[in-house]
C-alpha cells in the first residue's frame, strides 16, 4: 500500500543526544553500543534483527572500499521474508511521524543504516 507520502527518516548516532523532533528512535545495531545506558539512548525500540548478519558485518569491517559490495549483500539480507514484518513496522512509524534510525557506527555515510533507510524509503 502506497500513500504517496514520503517517509520522514533520519539517521543519527546513538551517542548523540535525543532531540524533541526525533520522533520514534530505533536502534538498528545487532550489539548494544558501549558506554550508552538505556536511559541515555532514549529508545522506542531496538530492532537488532534488521542489522547486518554477524558474518556480513565482520567481512565488511567498515572498509569504505567494500561499501558498494556490502550494500548489495545487505540489501539481499533485508529481502529475506523473515524481515518483511520488521521493515513494515518501521515504515509504519515513518508514515505516522519522523523515524530516527540509530547506530553506534562512526562513519554514517558508509554504515548499514544508510542502506536500511534507502530500503525503507523505496519499499
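Just so it is clear, none of the values below were taken in a lab; they were calculated from the coordinates. The structure presented is a predicted model; accordingly, all values stated were derived computationally and were not measured. All Cβ positions, even for glycine, are placed from backbone atoms using ideal geometry, and neighbour counts span all protein chains on display.
Quick look at the values:
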quantity: Where the Cα pairs of the stretch 43-82 fall when distances are cut into 5 Å bins, in %; calculated: 5, 22, 29, 20, 14, 8, 1
quantity: Span per principal axis, largest first, for the Cα atoms of the stretch 55-120 (Å); calculated: 36, 26, 16
quantity: The stretch 26-48-the stretch 64-123 distance, computed between alpha-carbon centres (Å); calculated: 16 Å
quantity: Relative contact order (%) - criterion: Cα under 8 Å, at least six apart; region: the stretch 9-122; calculated: 44 percent
quantity: Candidates 92, 111, 35, ranked by Gaussian network fluctuation over the chain, Cα under 10 Å, top entry; calculated: 35
quantity: Fewest-first ranking of 36, 9, using other Cβ atoms within 10 Å as the exposure measure; calculated: 36, 9
quantity: Choice from 97, 39, 22 showing the highest fluctuation, given a GNM over the chain with Cα pairs closer than 10 Å; calculated: 39
quantity: Dimensionless Rg/Rh of the chain - Kirkwood Rh, Rg from C-alpha atoms; calculated: 0.94
quantity: Mean ellipticity per residue at 222 nm, deg cm²/dmol - from DSSP H runs of n ≥ 4 across the chain, formula -39500 (n - 2.57); calculated: -11000 deg cm²/dmol
quantity: Stretch gain in nm, segment residue 13-residue 80, where the contour uses 0.36 nm per residue and the Cα spacing is subtracted; calculated: 21.5 nm
